[in-house]
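See structure below.
The values are calculated or read from the model by the stated rules, or taken from the named source; none is laboratory data. This structure is a prediction, so every number in the text was calculated from the model and none was measured. Please note: Cβ atoms are built from the backbone with ideal geometry, for glycine as well, and neighbour counts cover all protein chains shown. Each accessible area value is taken on the protein alone, full model and side chains, heavy atoms only, with ligands, DNA and RNA left out. Shrake-Rupley method; radii C 1.70, N 1.55, O 1.52, S 1.80 Å.
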Amino acid sequence: ETGVTQTPRHLVMGMTNKKSLKCEQHLGHNAMYWYKQSAKKPLELMFVYNFKEQTENNSVPSRFSPECPNSSHLFLHLHTLQPEDSALYLCASSQEGQALNYGYTFGSGTRLTVV
Amino acid sequence: DAKTTQPNSMESNEEEPVHLPCNHSTISGTDYIHWYRQLPSQGPEYVIHGLTSNVNNRMASLAIAEDRKSSTLILHRATLRDAAVYYCILRGASYGKLTFGQGTILTVHP
């Protein structure tokens, strides 16, 4: 248990389906993130939330819709995805704003396959 | 964000030390040097970070050049479980997104 829990671990969905990925952190952190990792590519930052407010959206298509109801939970709602959206989706959390620089804690990810 | 350069891959034998280099010639005075690793089918894992002085923890050591333009992650005795992709990342003092590059694929031979 890493302190950041992602569910489900694996998801197969059709292009017309609607599904949601869930992330929960038990570390008391104030920032949460969604990353996408496609095969053979570096991790790409998708969204950043600080104190439940979205502070960054890296030109992510609208078929990905994040939601952060509180500082411990983060969702990624998926709708009308394409096969090229198949990837490992990783959630992370961190404590921002402190003088001492701490790191991110990542979940184990959700392996998404779009068929 | 300042950029880092790492070799694409490195190999080591089990129980031998491993030195993973990272160049960051455009580092600013307030950038911390972070190292993460990603084991197969898992999310990245924090390894170590430092600013100017060398750092040690239970996982690894971080040696930082005096001019801070390069650093080296040292695994003192590699095990098969250390086979992973290792990422060297620069990050600001109290806030700064973590931007990943390609990293170094470390292979450990029995």
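Projecting the Cα positions of B:I74, A:S93, B:I27 onto the charge dipole of the protein assembly as shown (unit charges on Cβ atoms of Lys, Arg, Asp and Glu, taken about the Cα centre) puts A:S93 furthest along the positive direction. Chains B and A together bury roughly 1800 Å² of accessible area, counting both sides, with a 1.4 Å probe on protein heavy atoms only.
Of interest is the spacing of the C-alpha centroids, which for the stretch A:58-98 and the stretch A:1-52 amounts to 5 Å. For chain B, the fraction of C-alpha pairs more than 18 angstrom apart is 44%. Shape summary of chain A, radius of gyration then Dmax from alpha carbon positions: 13.7, 46 Å. Working from label points 7 Å from Cα in the Cα-to-Cβ sense, the B:M59 to B:T26 distance is 2.7 nm.
Pair-distance distribution of the stretch A:63-115: all C-alpha pairs, bin width 5 Å, starting at 0; shares per bin in whole percent are 4, 16, 21, 22, 16, 11, 6, 3, 1, 0.
Across all Cα pairs in the protein assembly as shown, the calculated P(r) in 5 Å bins from zero up to the longest distance comes to 1, 7, 14, 18, 18, 16, 12, 8, 4, 1, 0, 0 percent per bin.
Annotation: cysteines of the protein assembly as shown without a disulfide-compatible partner (Cβ-Cβ under 4.7 angstrom) are A:C68.
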